[in-house]
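The values are calculated or read from the model by the stated rules, or taken from the named source; none is laboratory data. For clarity, every value in this text was computed on a predicted model and none was experimentally measured. Cβ: placed from backbone, ideal geometry, glycine included. Neighbour counts: every protein chain shown. Note: accessible area is taken over every heavy atom of the protein model, side chains too, but ligands, DNA and RNA are not part of it. Shrake-Rupley method; radii C 1.70, N 1.55, O 1.52, S 1.80 Å.
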Amino acid sequence: MRPSLRTIYFLLLLLPHVVFSRPLFPLPSKSNGIEKRPLQTFRPYNIAHRGSNGEIPEETAAAYLRAIEEGADFIETDILASKDGALICFHDVTLDATTDVASRKEFSNRRRTYEVEWFNITGWFVVDFTLEELKTLKVNQRYPFRDQQYNGKFSIITFEEFISIALDASRTVGIYPEMKDPVFINKHVKWDGGKKFEDKFVDTLLKYGYKGQYMSENWLKQPLFIQSFAPTSLVHASKLTDSPKIFLIDDFSVRTQDTNQSYWDITSDDYLAYISNYVVGLGPWKDTVVPAAKNYTMAPTDLVARAHAHNLQVHPYTYRNENQFLHLNFHQDPYAEYDFWINSMGVDGLFTDFTGSLHRYQELVAPHAKDETANSLLVKIAQMISQYEGF
């Protein structure tokens, strides 16, 4: 019998200096036959961006366990590859910002300069370390203004360990992995048989039973969105699996890493019509959907409406609670921001660093029918009364 997620969470806290040569999480079977509470599909998806990384260092097992505990519909991760071809959960292609690599004397000679997405970057690169070496590193909180007490307590996890966390949850929890920097990874990491990064990525998903079109029976049992900023990777993955895919869109000034297209190219109606053959939705940076100036939101663009016209969902990123990330229109109130994006903009999912905040907001305004609380009923009553104000 596997240990519970809560047990594993506390083990992670108690064993900060242990290096595990084998996966910490028992890798799941393809099906354990247990009937679980299904994924909610009646309201926008709560997507735990790199786990609950507003509280716990990003992309770690503890961050994902916390996100599940707080009510995430999907746990989101970025997939990269090690020097020896292992798929890992890590956001940056360099290790500098969120690990202790700079303090590790044995790795001092690994610093390199490579071209990544049209720019030269210097640092310690994931692709220059084996999985065994990566497992010795400890992960730290990215932002200095967030809780630092968990720095150095957790290790990098593999894609399979991430999958295990979702499949071992007591309810149905979806996964939302990104094929991260595929152009860079395919340049520096090689696999037997001429396989590409995208092939290994999809092979892993299929190995653990992830398949099926959006809202199919298989998909509802093991929900999945595959995401990427690289359109050619999404097209390639479409030849390998019918699982739903999301095309990520960066800031106005960023060109696609594989096709060198501008923001305006990839958000044109012609391009949306083309990419809708391969994806079910877009994942845009939220400040391109509703631009901001002097920290105030401006008039929204029509991207959400045009995406919906092409039958594409919209899952913007990233929603964060801290004042420096909240535009002044929202008065330092994350609930006001959620309300605007869900009820005024009509988005279909939200990437958030604070899963618990989004879950509590949604449970207040759109709870599961059997989970209605006194507070949520009061909110409904207030909404009904407000409709008659002024008459």
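When you check Glu115 against the structure, is it open to solvent by 10 Å² or more (accessible area, probe 1.4 Å) and assigned to a helix (DSSP H, G or I), yes or no? In short, no. Taking each residue of the range 121-141 that is without any contact (Cβ under 8 Å) to a residue 40 or more places away in the chain and looking for partners that are part of a loop (DSSP other than H, G, I, E, B) and among the β-branched types (Val, Ile, Thr) with beta-carbon atoms closer than 8 Å, six or more apart or interchain, yields Ile121/Val93.
When Thr130, Thr60 are screened for being out of contact with any Gly (no Cβ under 8 Å at 6 or more places or on another chain), among the hydroxyl-bearing types (Ser, Thr, Tyr) and at pLDDT 95 or above, only Thr130 passes.
In this structure, Gly174 does satisfy being of a type in the set (Gly, Ala, Ser), at pLDDT 95 or above and farther than 27 Å from Asp128 by Cα. In the range 314-346, which residue that is of a type in the set (Gly, Ala, Ser) and touching a helix residue (DSSP H, G or I) at 6+ places or on another chain (Cβ under 8 Å) is nearest to Thr267 (Cα to Cα)? Per the criteria, the residue is Gly346. Is it the case that Glu69 is of a type in the set (Asp, Glu), open to solvent by 20 Å² or more (accessible area, probe 1.4 Å) and farther than 30 Å from Pro244 by Cβ? Here the answer is no, as Glu69 does not meet what is asked. Tallying residues that are without any contact (Cβ under 8 Å) to a residue 24 or more places away in the chain and in a loop (DSSP other than H, G, I, E, B) within the range 191-212 yields 1. Candidates in the range 213-231 are the residues that are free of Cβ contacts under 8 Å to residues at least 40 places away in the same chain and not aromatic (Phe, Trp, Tyr); of these, the one that is least open to solvent (accessible area, probe 1.4 Å) is Ser216. Here is a check on your reading of the model: is Gln383 under 20 Å from Thr297 (Cα atoms) and either exposed (fewer than 11 other Cβ atoms within 10 Å of the Cβ) or modelled with pLDDT under 95 (or both)? So Gln383 does not fit the description; no.
Yes or no, residue by residue, for (1) open to solvent by less than 50 Å² (accessible area, probe 1.4 Å); (2) over 24 Å from Leu205 (Cβ atoms); (3) part of a helix (DSSP H, G or I):
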site: Thr122; (1), (2), (3): no, yes, no
site: Gln141; (1), (2), (3): yes, yes, no
site: Pro144; (1), (2), (3): no, yes, no
site: Asp147; (1), (2), (3): no, yes, no
site: Tyr150; (1), (2), (3): yes, yes, no
site: Glu161; (1), (2), (3): yes, no, yes
site: Ile165; (1), (2), (3): yes, no, yes
site: Ala169; (1), (2), (3): yes, no, no
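Being of a type in the set (A, V, I, L, M, F, W, C) and more than 24 Å from the chain's Cα centre (by Cα) is true for just one of Ala86, Ala81, Ala102. Which residue is that? Exactly one of Ala86, Ala81, Ala102 is of a type in the set (A, V, I, L, M, F, W, C) and more than 24 Å from the chain's Cα centre (by Cα), namely Ala102.
The residues in the range 270-313 that are over 13 Å from Trp341 (Cβ atoms), β-branched (Val, Ile, Thr) and in contact with a helix residue (DSSP H, G or I) (Cβ under 9 Å, 6 or more places away or on another chain) can be counted, and the count is 4.
Quick check: anything in the range 244-259 surrounded by 18 or more Cβ atoms within 10 Å (Cβ to Cβ), of a type in the set (Ser, Thr, Tyr) and assigned to a helix (DSSP H, G or I)? The answer is no, given that none of the residues of the range 244-259 is surrounded by 18 or more Cβ atoms within 10 Å (Cβ to Cβ), of a type in the set (Ser, Thr, Tyr) and assigned to a helix (DSSP H, G or I).
If the condition is being crowded, with 18+ Cβ neighbours inside 10 Å and not in a helix (DSSP H, G or I), then the range 178-190 contributes Glu178, Met179, Lys180, Asp181, Val189. Please list, ordered by first then second residue, the pairs with beta carbon atoms under 8 Å, 6 or more apart or interchain, first in the range 143-158 and among the β-branched types (Val, Ile, Thr), second part of a loop (DSSP other than H, G, I, E, B) and modelled with pLDDT of 95 or more. Listed pairs, sorted by first residue: Ile156/Glu59; Ile156/Thr60; Ile156/Phe90; Ile156/Lys135; Ile156/Leu137; Ile157/Glu59; Ile157/Thr60; Thr158/Ala86.
For the range 75-106, a tally of residues being open to solvent by less than 50 Å² (accessible area, probe 1.4 Å) and assigned to a helix (DSSP H, G or I) returns 1. With the requirement that a residue be open to solvent by less than 10 Å² (accessible area, probe 1.4 Å) and part of a helix (DSSP H, G or I), what does the range 264-303 give you? Selection gives Ile266, Leu272, Ile275, Lys286, Thr288, Val289, Leu303. Of all residues in the range 309-357, those that are farther than 17 Å from Tyr143 by Cβ, open to solvent by less than 50 Å² (accessible area, probe 1.4 Å) and assigned to a helix (DSSP H, G or I) total 8.
For the range 216-250, which residues satisfy the criterion of being out of contact with any strand residue (DSSP E or B) (no Cβ under 6 Å at 6 or more places or on another chain) and either polar (S, T, N, Q) or under 18 Å from Asn46 (Cα atoms) (or both)? Ser216, Asn218, Trp219, Leu220, Lys221, Gln222, Thr232, Ser238, Thr241, Pro244 - these are the residues of the range 216-250 that are out of contact with any strand residue (DSSP E or B) (no Cβ under 6 Å at 6 or more places or on another chain) and either polar (S, T, N, Q) or under 18 Å from Asn46 (Cα atoms) (or both).
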